[in-house]
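Taking it in order: structure first as structure tokens, then the write-up.
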Ligand SMILES: Nc1ncnc2c1ncn2[C@@H]1O[C@H](COP(=O)(O)OP(=O)(O)OP(=O)(O)O)[C@@H](O)[C@H]1O
Ligand SMILES: [Mg+2]
């Protein structure tokens, strides 16, 4: 069976897109999956977390997207990471400068990633995770045209991140209308849950009212300062603090995701609420 491409999207910044992408990738790798992380964000945070410090990638998402003709091979752009089974298509800050050119060449340029990534990624990897910048700009549109599924992290303590996810869901419907008929909402993922605070409970209740149970992961990710410490050490939490609640949550999330993906593939008739 072909692998799945999952775009991690929320236009709100700091909700955990990169944290979820890298930690889920590591957990899926440990579960025996072949995983690719594509860093579409010119902040390069997933690249920093996954690549050894000081390693300057020879090729990156920049070359992958820069010109009408692909000047490097797909394999030349992929870098193995320290984590078993996990490869990365890294990014460089210069990619931000490609945006005006891609906008001028739109809408054809929005399909560039799809044409260059989709077939090979689905053949060679079980799961491809696309980490996105905090906007609904060119690169997010490219990701949505290339993906099968959208995973939307929501920060439990922020009402604004719920607004971000409503935008993301509307966008999924729009991209499907524009031609990516495969695209579906996979699940929302509640991140940074602090069970002691009422705002965490309020957000969970708002989501339960607005979405069906099968649109929200049963697993949530706890608020844990070890995530920030792991980030400082440029490691996933699974490597930095394997016994932590955060690490356990990502193992649970990987299991839940693997149980869902084949179902989601066959449940393509489902519509978002
Ligand atoms: N569950 C968590 N508990 C504690 N801290 C967390 C948790 N998840 C993420 N963080 C921290 O929150 C900050 C923002 O997370 P992250 O970089 O993953 O968000 P993002 O959505 O990718 O941000 P951006 O929109 O800028 O790309 C980071 O410092 C990260 O370590
Ligand atoms: Mg990020």
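Averaging the sequence gap over all C-alpha pairs within less than 8 Å and six or more residues apart, then dividing by the number of residues, gives the chain a relative contact order of 25 percent. When only alpha carbons are used to place a centre, the stretch 1-53 and the stretch 145-202 end up 16 Å from one another. To check you understand DSSP bridge types, tell me what percent of the beta bridges within the chain (both residues inside) are antiparallel, rounded to 5. Approximately 5 percent, going by the DSSP bridge assignments.
Only helical runs count toward this figure. For the chain, summing -39,500 (n - 2.57) over DSSP H runs of n ≥ 4 and dividing by all residues gives -13500 deg cm²/dmol at 222 nm. Rounded to 0.05, the FRET efficiency of the residue 206 and residue 104 pair, given R0 = 35 Å and the Cβ-Cβ distance, is 0.35. When Rg and Dmax are taken over the Cα atoms of the stretch 1-143, they come to 14.0, 42 Å.
Over all orientations, the chain has a Cα convex hull whose mean projected area works out to 13.1 square nanometres.
Once both labels are positioned 7 Å from their Cα atoms along Cα-to-Cβ, the gap between residue 163 and residue 119 label points is 4.3 nm. Treating the Cα atoms of the stretch 1-66 as identical point scatterers in vacuum, please give the log10 of the normalised Debye intensity I(q)/I(0) at q = 0.12, 0.13, 0.20, 0.25 Å⁻¹, two decimals. Rounded to two decimals, the profile gives -0.35, -0.41, -0.97, -1.30.
Coordinate-derived values only; no laboratory data. What you see is a predicted model; the values in this text were computed from it and never measured. Here Cβ is always computed from backbone atoms with ideal geometry, including for glycine, and neighbour counts include all displayed protein chains.
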